[in-house]
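Right, one structure below, let's go through it.
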Amino acid sequence: MANKNGNQFPAWIIDAQQRVCSVTSTGQVTPRSDPGFAGDIGISEDGILWVVSRKADPDGGGAEIYWGTGDGQWNEINTPDPGGVKITGAGGRGCLYLTLGGDIWSMNTESKGHLQKIASKVTDIAFGESYLWAMFPPTLGAQPVLQYGTFAQMPFQWKVFPENPHPLHLTANASDFCYGLKNFKPVYFLLNGTTGQWAEGAKRGMQVSFKQVASGSPEHKKNLAYLVTTSANKDGNQTMKWQDGSPGTWVDAGFRAIRVQATYYVGP
């Protein structure tokens, strides 16, 4: 994946002023929106950025949705489709988002939206390369649990992850693994049904974002992972990044945020 659009930077954040900001590999933060603009952020595989704004959508469902290429210019999705409360990038120039009522909608940069009638009462979603991960009740009245499915197999069918886990703040990477928080620490969920803690050096967290992309040879994968911690001040929350090694560990990222989005940045 080329370093184009939002993928020119390893991370994007929403800062304490609710601005969307780009973050370089050296930790330099540059605002790319006005204050009070953003509530949630996602990124498509081709680097298109998606934002749930702070402005209520007149069609209901949540707040208005915008997209951009990372240059600071934002394009409003001005259609009769509802707004959203949570967003995740999908394939090229597309996204999936949740409405306030827990419905899943797809949207693209041509403003073509579609209600995905595959789940209801959804509380969280994350899209990897081909798998969609979501939190919603498996039966009426039950507690939301982690489930996953793929659009590559239609009709779409959900699978409940073994032992019905209920992590918070889902994120998914290009290897179709899911990550989230459990007891404020990062945990992983693999398609083979295994799970575990990914918390070496991690402070208590409130949001995690992880992408994994090829860098150099196809055998080598580059981990881009960030954790927004619960340690806050007027400038936002301390953010940590994953540092590969034997073993790897979480280290201070050198910037603060209220939300972070890892990208498909391939280097250096």
Out of Tyr179, Tyr226, Tyr188, report the one residue that is aromatic (Phe, Trp, Tyr), closer than 23 Å to Gly102 by Cα and either assigned to a strand (DSSP E or B) or free of Cβ contacts under 8 Å to residues at least 24 places away in the same chain (or both).
Tyr179
Can you list residue pairs whose Cβ atoms sit under 8 Å apart, with the first residue in the range 142-154 being at negative phi and the second being of a type in the set (Lys, Arg)? Count only pairs 6 or more apart in sequence or on different chains.
Pro144/Lys121; Gln147/Lys159; Tyr148/Lys159; Gly149/Lys159
Yes/no for Leu132 being modelled with pLDDT of 95 or more and surrounded by fewer than 20 Cβ atoms within 10 Å (Cβ to Cβ):
no
Modelled with pLDDT under 95, at positive phi and under 19 Å from the mean Cα position of the chain (by Cα) - does that describe any residue in the range 172-185?
yes
Pull up the range 74-127, narrow it to residues that are aromatic (Phe, Trp, Tyr) and in a strand (DSSP E or B), then point me to the one that is farthest from Val52 (Cα to Cα).
Phe127
Tally time: how many residues in the range 1-41 are touching a helix residue (DSSP H, G or I) at 6+ places or on another chain (Cβ under 8 Å) and assigned to a strand (DSSP E or B)?
2
When the range 233-268 is checked residue by residue, the ones that are touching a residue at least 24 places away in the same chain (Cβ under 8 Å), over 19 Å from the mean Cα position of the chain (by Cα) and not in a loop (DSSP other than H, G, I, E, B) are Thr249, Val251, Gly254
Only one of Lys159, Lys121 is basic (Lys, Arg) and surrounded by 14 or more Cβ atoms within 10 Å (Cβ to Cβ); which?
Lys121
Assigned to a loop (DSSP other than H, G, I, E, B), without any contact (Cβ under 8 Å) to a residue 12 or more places away in the chain and surrounded by fewer than 19 Cβ atoms within 10 Å (Cβ to Cβ), is that true of Lys55?
no
Gly141 fails exactly one of (1) in a loop (DSSP other than H, G, I, E, B); (2) surrounded by 14 or more Cβ atoms within 10 Å (Cβ to Cβ); (3) of a type in the set (Gly, Ala, Ser), namely (2)
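The values are calculated or read from the model by the stated rules, or taken from the named source; none is laboratory data. Bear in mind the structure is a predicted one, so any value in this text is a computation, not a measurement. All Cβ positions, even for glycine, are placed from backbone atoms using ideal geometry, and neighbour counts span all protein chains on display.
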